[in-house]
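S.K.: Sharing a structure, written as structure tokens. Questions coming.
The values are calculated or read from the model by the stated rules, or taken from the named source; none is laboratory data. Remember, predicted model here, so these are calculated numbers, not experimental data. Here Cβ is always computed from backbone atoms with ideal geometry, including for glycine, and neighbour counts include all displayed protein chains.
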Amino acid sequence: MKIKDWIFPEASEIDTLRDLKIIKEYLPKTGTILDAGGGIGRISIELAKLNYKIVLLDISKKALEIAKAESKKAKVYKKIEFVEGDVCDLSFKDNSFDMVLALRDVINYSVDAEKAVKELIRVLKNDCYLIASVANKTFWLTKEVESEKIKNIISTKKMLKESELKNLFKSLKIEKVVGSGFCSGNIQKENYLKNKENFIEIENIIGDDDEFKFACEYLVIIGKKV
Ligand SMILES: C[S@@+](CC[C@H](N)C(=O)[O-])C[C@H]1O[C@@H](n2cnc3c(N)ncnc32)[C@H](O)[C@@H]1O
């Protein structure tokens with residue numbers, strides 16, 4: 001899989017509602033939000049609708065083109081600045097953003113996760129939040145049956161367990177680690193979309209529970225720059 005072509009998040013409506021619920025708890029009152037590796041604008045567009053100024057950065061030209069078209073449809077095109085770039089080498093000045101997001105594998109799939117995290121923290125203002133999500137190693141271990149693949153998951157850096165994720169973000173004051181993607185990771189889409197109200201409630205209960213969260217496809221870390 002070439003990272004540059006990997007632009008379509010398989011996020012469902014429930015995943016997006018879950019991620020927005022997590023983000024909304026930490027949103028600044030006003031200001032500019034960097035959606036790093038923002039892809040086709042799944043989260044940027046929703047936050048632009050709330051009147052935030054958004055910078056959507058992605059390494060993929062194609063993702064940015066789709067994001068532009070989707071933001072026009074949603075009538076928020078003017079609220080989003082689209083930037084082609086690499087999360088490991090950001091062109092923004094230090095302390096530029098009131099919130100930084102890097103959702104769904106942006107960091108763990110970038111060439112150098114440590115460098116990516118350092119860059120994201122550099123451009124975040126003090127006292128502001130960074131929210132990032134990565135593939136949850138513990139979840140994926142339970143989905144595999146071949147011994148070699150299980151061994152690969154144990155050692156890979158493309159997925160992380162909670163302690164590895166916390167270690168990557170250790171220079172932030174970590175508020176919490178929660179889960180996202182319980183429904184999409186475990187239940188047939190047509191089943192959970194039939195009963196959305198109940199499943200979004202389940203998604204939030206499981207994702208917010210410190211032990212149940214490991215059943216979610218993603219771990220989401222929330223940290224403050226101090
Ligand atoms: C699974 S998608 C997630 C998109 C979006 N964050 C979301 O949650 O809907 C991962 C995105 O990261 C982007 N990406 C991968 N490596 C990157 C890098 N080094 N710098 C910037 N973006 C990158 C990909 O192009 C893709 O759009």
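S.K.: Hey, could you check the range 130-179 for residues that are β-branched (Val, Ile, Thr) and touching a Gly at 6+ places or on another chain (Cβ under 6 Å) and say which is nearest to LYS24 (Cα to Cα)?
M.R.: Out of the qualifying residues, it is VAL178.
S.K.: Still on this structure, please answer the following. Go through the range 1-105 and tell me which helices (runs of 4 or more DSSP H), entirely inside it, have 1 or more residues that are over 27 Å from MET159 (Cα atoms).
M.R.: 42-49, 61-73
S.K.: Can I ask one more? Quick one: VAL134 ticks every box in (1) within 16 Å of the chain's Cα centre (by Cα); (2) surrounded by fewer than 18 Cβ atoms within 10 Å (Cβ to Cβ) bar one, so which box is it?
M.R.: (2)
S.K.: Surrounded by fewer than 20 Cβ atoms within 10 Å (Cβ to Cβ) and not hydroxyl-bearing (Ser, Thr, Tyr): which single residue out of ASP89, ASP15 fits that description?
M.R.: ASP89
S.K.: Go through (1) over 15 Å from the mean Cα position of the chain (by Cα); (2) away from the ligand (no atom under 15 Å from the Cβ) for GLU119 and report which single condition fails.
M.R.: Here GLU119 meets the rest and fails (2).
S.K.: Then there's this: All but one of (1) of a type in the set (S, T, N, Q); (2) touching a residue at least 60 places away in the same chain (Cβ under 8 Å); (3) in a loop (DSSP other than H, G, I, E, B) hold for ASN108, so report the exception by its number.
M.R.: So the condition that ASN108 fails would be (2).
S.K.: Give the residue, chosen from ALA113, ALA74, that is over 20 Å from SER44 (Cα atoms), small (Gly, Ala, Ser) and either surrounded by fewer than 17 Cβ atoms within 10 Å (Cβ to Cβ) or at pLDDT 95 or above (or both).
M.R.: ALA113
S.K.: Among the candidates GLU164, GLU201, single out the residue that is more than 15 Å from the chain's Cα centre (by Cα), surrounded by 14 or more Cβ atoms within 10 Å (Cβ to Cβ) and modelled with pLDDT of 95 or more.
M.R.: Going through GLU164, GLU201 in turn, the sole match is GLU164.
S.K.: Any residue at all in the range 79-92 that's more than 7 Å from the ligand (Cβ to nearest atom), on the phi > 0 side of the Ramachandran plot and not small (Gly, Ala, Ser)?
M.R.: no
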